Protein chains: 2
Amino acid sequence: MNDAVYSTQDFPSTPFLAVDAAIMDRNLETMAARAAASSLSLRPHAKTHKSPQIARRQLELGAVGLTVATLGEAEVFAEAGCTDLFLAYPLWVTDARAARIRALAERSTLRLGVDSADGAEQLGRAVRGSHVQVMIEVDSGHHRSGAQPDDVALVATAAQAAGLEVAGVFTFPGHGYGPGRRAAAAADEAAALATAARAARSAGAAAVVISGGSTPTAADADASVLTEIRPGVYVFNDAQQAELGTCGWDDVALFAVATVVSSSGRTVILDAGSKVLGADQPAWATGGGRILGHPEARITALSEHHATVVFPAEGALPARGDILRVAPNHVCATVNLADELVLVRGGAMEDVWPVAARGRNN
Amino acid sequence: MNDAVYSTQDFPSTPFLAVDAAIMDRNLETMAARAAASSLSLRPHAKTHKSPQIARRQLELGAVGLTVATLGEAEVFAEAGCTDLFLAYPLWVTDARAARIRALAERSTLRLGVDSADGAEQLGRAVRGSHVQVMIEVDSGHHRSGAQPDDVALVATAAQAAGLEVAGVFTFPGHGYGPGRRAAAAADEAAALATAARAARSAGAAAVVISGGSTPTAADADASVLTEIRPGVYVFNDAQQAELGTCGWDDVALFAVATVVSSSGRTVILDAGSKVLGADQPAWATGGGRILGHPEARITALSEHHATVVFPAEGALPARGDILRVAPNHVCATVNLADELVLVRGGAMEDVWPVAARGRNN
């Protein structure tokens, strides 16, 4: 598609976020088919898109429910009719949060993450009498939250003593977000989950759900251990996944549409900066995102409203006023900055979807 | 103030953004007094706070008008009654944007940035008949947007030929955001602005406004050259400014209120991640933000909903459920992620202010 189409009056002024609907549909179908082929339940992480329209499409394609990161996200998706939610985060449950959790548990199947005995006790006390299940988080090598595998039995015992049903165990193999690390992270994931599930069961928990997975590790998820995967980014993909080789550039479905506003030599300035793209940039990334159709161009700096893009010495050089499409490094951060996504199909604007759960951080 | 106050039911669940009203008031007054003492006009950059309440306070304290980064921000502040606006950005003005600029120019004094002859021609054609002034942006060493000093006369000539009044010249000395760089960047700023003003005047422009300044360079702004400064961050300050020495830690007025949700050894996990704090982290920063009251603690990693904080081997270690306050690295990015700011005075919630211009990126 010629990028100039985005300069017509049918579209918003730049910068804005566009979604190529055909690519998104293919991404959704491919992951659904992959999970089905491995007999893994797919519970996509909705923090990536924060959009009821996309969540419904995921559920139509066979997802067993959604994963969310915050109580606010859970409330938005429950409101939109998604009634099987896993809040994959070790919330500390205050009284105010307990009231919201109770209300949510009345309209949706609800699982919450826990990763410590005192977190489980606090939760159990706060939601006593509500039907809330827990999933015990185990650290598989990312070293963020998550109990150490040896501590899972303790957490399971505390949770059950606090009146909570332990539905299973989960991990996030976030250390798989790096060049050449996917297979090893997926192996770590399976090993930690197998240990954690045994420990939880030894403590008397049913722990039937063994949940892992992320977009980079989903293809390597060990179906002999896992029962469920929770990829998020796959719906859109992003420059990070393409640079890691998890997807091709033709699989990137979301991009910022930006205008060249300034130019000097082989450097051009776009009007999409970090307040549109997000500032995430892992050390191994080639820049602050990538320009679609210009594989050699590099985003060497992002400020709030400027992307500095250096084009190679030879070849096409966009002029002031030209429209370019930018694949962000990390699409979850990008979507979280926008109020809406412009859905494009066949070069025309098909719809505008609100990012309904944006800003629902607590 | 004891951080535990934030765990009372008067406050929202964590994570949320709080503003210490007394510190903010002092920051506003100090900058207003500094500008007045140097006979410099103060035109604060409203992209930092995006809040009409704060803009009104800035104007009450003597600011001549506001600086904004996008047309959407300009619209929000005009709607709120701010009628002297400088959009310090080299917009590429399409027909759709021209209609919005015309509407805005009818209710507000409006200056727009330009940094190229063709940008000026495009703007002049698009807004012909409206009263829109331009300010010519000059590059003073940050190497982002801005004409080279030698090209300013060309831009001024093109702007006037296109029917635009050239009100002045401006620059953003962004290369002053680094340890030990403030004074040199302020000198570069003054030199580039002096050259640019001469060039614009030699082309027949009045160019009475010589506008520079940023929070780190404001104290070094050369009042023999500049007529106006445009700091933004000073209203709240942030970890970046405190680490640069532009302010003290006691001058940081905005922070994320966060809960310890997980813990292992001397590492604790907070529920404020990059979707609350922002991901900005210059190479010289000590981490992903700073924990107020714990000067030796370091935020070693941020994911979307987790801050990983390493505490020193000795000393206090927060427990799960404890509340901590996090000074973000770059407060403009932080505010841009939130829907509201919780105003705190004397340990009590005084008000909740909407971040009215959040998401107005185009």
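Every number in this text was worked out from the coordinates using simple rules, so none of it is lab data. Given the structure is predicted, the values throughout are model-derived calculations rather than measurements. Here the Cβ positions follow ideal geometry from the backbone for every residue, glycine too, while neighbour counts run over all protein chains shown.
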7 Å along Cα→Cβ, label-point gaps from A:Val310 to other copies, nm, shortest first: 3.1
Of all chain B residues, the one whose C-beta is nearest the axis that brings B onto A, in angstrom: B:Ala279, 2
Phi to ³J(HN,Hα) by Karplus 6.51 cos²θ - 1.76 cosθ + 1.60 over the stretch A:288-296, Hz, x for Gly, Pro: x, x, 9, 8, 5, x, 10, x, 8
Order of B:Leu40, B:Leu61, A:Leu112 under a 10 Å beta carbon neighbour criterion, fewest first: B:Leu61, B:Leu40, A:Leu112
Shortest-first distances to equivalent copies, position B:Gly293, nm, label 7 Å out along Cβ: 5.4
Nonlocal Lys pairs with alpha-carbon distance under 16 Å, the protein assembly as shown (8 or more apart, or different chains): 5
nm² value of the averaged projected area, convex hull over the Cα atoms of the protein assembly as shown: 29.0
In sequence order, calculated HN-Hα J values of the stretch A:77-90 (Karplus, 6.51, -1.76, 1.60; Hz; x Gly/Pro): 6, 5, 4, 7, x, 8, 10, 9, 10, 10, 8, 7, 7, x
For A:Thr267, inter-copy label distances in nm, listed shortest first [label point 7 Å out on the Cα-Cβ vector]: 3.8
GluC sites (Glu not before Pro) lying in DSSP loop within the stretch A:272-347, provided at most 10 other Cβ fall within 10 Å: A:Glu314
For the stretch B:223-263 and the stretch B:1-46, distance of Cα centres in Å: 9
Relative contact order (%) - chain B, alpha-carbon pairs under 8 angstrom, separation at least six: 20
B:Ser224 paired with A:Val225, simple spin-label distance in nm, labels 7 Å along Cα-to-beta-carbon: 7.0
Global form of the stretch A:248-304, assessed from the alpha-carbon gyration tensor, a/c cut-off 1.5: rounded
DSSP bridge pairs, the stretch A:152-303: antiparallel proportion in percent, nearest 5: 45
Order of A:Ser303, A:Ser41, A:Ser211 - criterion: other Cβ atoms within 10 Å of each residue's Cβ, fewest first: A:Ser41, A:Ser303, A:Ser211
Whole-Hz couplings from phi, Karplus 6.51/-1.76/1.60, listed for the stretch A:179-186; x for Gly and Pro: x, x, 9, 4, 5, 5, 5, 5
Candidates B:Ala186, B:Ala21, B:Ala96, ranked by Gaussian network fluctuation over chain B, Cα under 10 Å, top entry: B:Ala96
Mean residue ellipticity (222 nm) of chain A, computed from DSSP H runs ≥ 4 via -39,500 (n - 2.57), nearest 500: -8500 deg cm²/dmol
Sequence of A:Asp238, B:Asp139 once ranked by neighbouring C-beta atoms within 10 Å, starting from the fewest: B:Asp139, A:Asp238
For the stretch A:314-362 versus the stretch A:157-214, the gap between their alpha-carbon centres in whole angstrom: 34
Cα-centre dipole for the stretch A:1-142 with unit charges at Cβ (Lys and Arg positive, Asp and Glu negative), debye to 20: 340
